[in-house]
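Please read the structure below before turning to the comments.
The values are calculated or read from the model by the stated rules, or taken from the named source; none is laboratory data. No experiment lies behind these values; they were computed from the predicted model shown. When we count neighbours, we look across all protein chains shown, and the Cβ atoms used for this are built from the backbone with ideal geometry, even at glycine. Accessible surface areas use protein heavy atoms only, side chains included; no ligands, DNA or RNA. Shrake-Rupley method; radii C 1.70, N 1.55, O 1.52, S 1.80 Å.
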Amino acid sequence: MSLVLQPLIDAGRHSKEMGCADGYLRRVHPILAAYIADFPKQCLVACNKENRCPRCLVESDKRGDLEECAWRSTTDTLKTLRRKQRNKQSRKFDIQGLRAVYKPFWKDLPFTDIFACITPDILHQLHKGVFHDHLVQWCTSLMGEKEIDVRFQAMTRFPALRHFKKGISTISQWTGSEHKEMQQVFVGLLSGIVSNDVLIVARALLDFIYYAQFQKHTDVTLGAMQDSLKTFHEYKHVLIELEVRQDFNVPKLHSLQHYVASIRALGSADGYNTEYPERLHIDYAKEAYQASNKHDYVEQMALWLQRQEAVCYKSAYLDWRKAGKCSPLAERDTVSPAYYKVAKVPPHRQVSVDRIRSDYNAQDFVPALKHFLSSRSGRQQVIQPIESDQFDVYNQLYIETGPSSITGRGPCLQKIHASPKVAVRGCKAKIPSHFDTVFMLEEDHQHIRVLVPSGT
Ligand SMILES: [Zn+2]
């Protein structure tokens, strides 16, 4: 690492002229500000033992408490390490839980506080850690695996909410998106079976997880985030009373204390989320390997990546030329029109108007279609649908929604499901009808129309 970061020492201290994306040349002092790693590596980088915090001096048995602790200091740590190297005996070395890394790579980097560089990790600390390894396990031991499964199965279907029709105990590999889909319904799932205090614990942790994923923060959102952590610590004793846990001395739960400070110093936590490098591992390593002939693959993978990049640059250039814009940057601000996606082949062909009325309960189908066609065609003469016409019908439709004004995330595809019931066929069980409720903003932005098919 010290070899890799060697150029930063001189450039950080004396600056370097660099060409920026906007075409200007600037004098830049590059410094190491954030270090993204998993917990064992964070501890190695910060030269402390794994039963201690890489950011603060919390004692090894106090990590379950919400208490302000002194930050680790680079000068102090380097001094203690030097003393330990000389004398072999140092009380401070033991008290601070340091390990014998005598030449940490960051010791000569200018303006770098390595302990402040340790970033939150949404994927491993929140989704996989706090939610999956802790909250879900606590609730499972309170309710039993079977009850959790039954409750996941009984959840109401709704667009954009995943329905776990087999529950969660059969899931062998949990991905980041699975965690997020479970979190969306988890508090509702606990309601009515666990005590109010456990519900407050679950809600406080999930609130924290949601706030931590915001892409924009204000003092208000950071305050709310800290409040939800406080609420968790106020009510967590209920889990000890219920004999679910004996203590909360867990590194991942302690790490939540440093989120607000990190966000204030380095920006929102999604900017250094390990989900991105894990995703890129698929694009840059797995797919590149698949494209090779599996012999001497490193060289082939590098060449494949180079070509992918060239294709990407060229197509971005062609898109820009086609659009006739003066600058490729200007395109980023334009909002793409809403679009939809359906299956390539409609699952129900040539369905009569009568069946659309009876099976889908769409009584106004023909007048609504007439209205739609005439509003789209302007003055042109269009063929008007009549009662004896037949139509191809799809089971689901995906609509792209714009970016969220709260989290800044998006755009994303939302699934709208409309399928009639299917009777028993041989050994196949019957499938109940499934009609989603849709809230629709009219074009003039004045009305919200709610489409609720009866029978849901
Ligand atoms: Zn700490």
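Do any trypsin sites (Lys or Arg not before Pro) in the stretch 66-97 lie in a DSSP loop with no more than 14 other beta carbon atoms within 10 Å, and if so, which? Write down the numbers at each step before the final one.
Numbers: sites: R72, K79, R82, R83, K84, R86, K88, R91, K92; in loops: R72, K88.
Passing sites in the stretch 66-97 are K88.
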I need the phi-derived Karplus couplings for the stretch 127-136: 6.51 cos²θ - 1.76 cosθ + 1.60, θ = phi - 60°, integer Hz, Gly and Pro marked x. 5, 7, x, 4, 6, 6, 6, 10, 4, 5
Take the residue pairs K294/K415; K146/K430; K180/K236 and return only those whose Cα atoms are more than 29 Å apart. K294/K415
In µm²/s, what is D for the chain at 10 °C and 1.306 mPa s, where D = kT/(6 pi eta Rh) by Stokes-Einstein and Rh is the Kirkwood radius from Cα pairs? 58 µm²/s
Lys and Arg at +1, Asp and Glu at -1: add these up for the other residues within a Cβ distance under 15 Å of V136 and post the number. +1
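What order, most packed first, do the peptides 153-162, 44-53 have when packing is the mean number of other Cβ atoms within 10 Å of each residue?
Working: 153-162: 13.8, 44-53: 19.5.
Descending mean neighbour count gives 44-53, 153-162.
So between K415 and K341, what do we pick up on full extension, going 0.36 nm a residue minus the alpha carbon distance?
Values: separation 74, 0.36 × 74 = 26.64 nm, distance 0.93 nm.
Stretched fully, the K415-K341 segment lengthens by 25.7 nm.
For the stretch 98-146, which whole percent of the accessible surface, found with a 1.4 angstrom probe, sits on carbon and sulfur atoms?
Working: 960 of 1850 Å².
Solvent-exposed carbon and sulfur of the stretch 98-146 make up 52 percent of the total.
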Quick one: if you stick a label point 7 Å off each Cα along the C-beta vector at A11 and E147, how many nm between them? 5.8 nm
The chain, relative contact order [Cα under 8 Å, separation at least 6], %: 13 percent
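May I ask for the net charge around A265, where only other residues with Cβ less than 14 Å from the Cβ of A265 are counted and Lys, Arg are +1 while Asp, Glu are -1?
On the way: positive: R55, R264; negative: D113.
Taking every Cβ under 14 Å from that of A265, the sum is +1.
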If you average the alpha carbon positions of the stretch 98-153 and of the stretch 174-211, how far apart do those two centres end up, in angstrom? 17 Å
State which entries of K166/K230; K128/K230; K49/K84; K41/K92; K166/K421 exceed 26 angstrom in Cα-Cα distance in the structure shown. K166/K230
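Using 1/(1 + (r/R0)^6) with R0 = 22 angstrom and r between the beta carbons of I282 and H163, what's the FRET efficiency to the nearest 0.05?
On the way: r = 26 Å, r/R0 = 1.18.
Calculated value: 0.25.
Rounded, prolate or oblate, given the Cα gyration tensor of the stretch 2-117, with a/c below 1.5 counting as rounded? Don't skip to the end; give the middle numbers.
Values: a/c = 2.84, a/b = 1.80, b/c = 1.57.
Prolate shape, in that a/c is at least 1.5 and a/b is the bigger ratio.
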Nearest 0.05, what FRET efficiency do A70 and H434 give at R0 = 56 Å with Cβ-Cβ as r? 0.50
So which lysines pass the test for K322, namely a Cα distance under 26 Å, with those fewer than 8 places away in the same chain ruled out? K314, K341
Quick one: if the Förster radius is 35 Å, what FRET efficiency do N395 and I193 give, using the C-beta to C-beta distance and rounding to 0.05? 0.55
Checking the cross-link filter: which aspartates and glutamates have an alpha carbon closer than 18 Å to that of K165, excluding same-chain neighbours under 8 positions apart? E145, E147, D149, E178, E181, D436
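Length gain on complete extension for the stretch R86 to R264, per 0.36 nm per residue less the alpha carbon to alpha carbon distance? Please list the in-between numbers first.
Details: separation 178, 0.36 × 178 = 64.08 nm, distance 3.82 nm.
The R86-R264 span can extend by a further 60.3 nm.
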Please identify the chymotrypsin sites (Phe, Trp or Tyr not before Pro) of the stretch 122-178 that satisfy two criteria: DSSP loop assignment and at most 15 other Cβ atoms within 10 Å. Which are they? W174
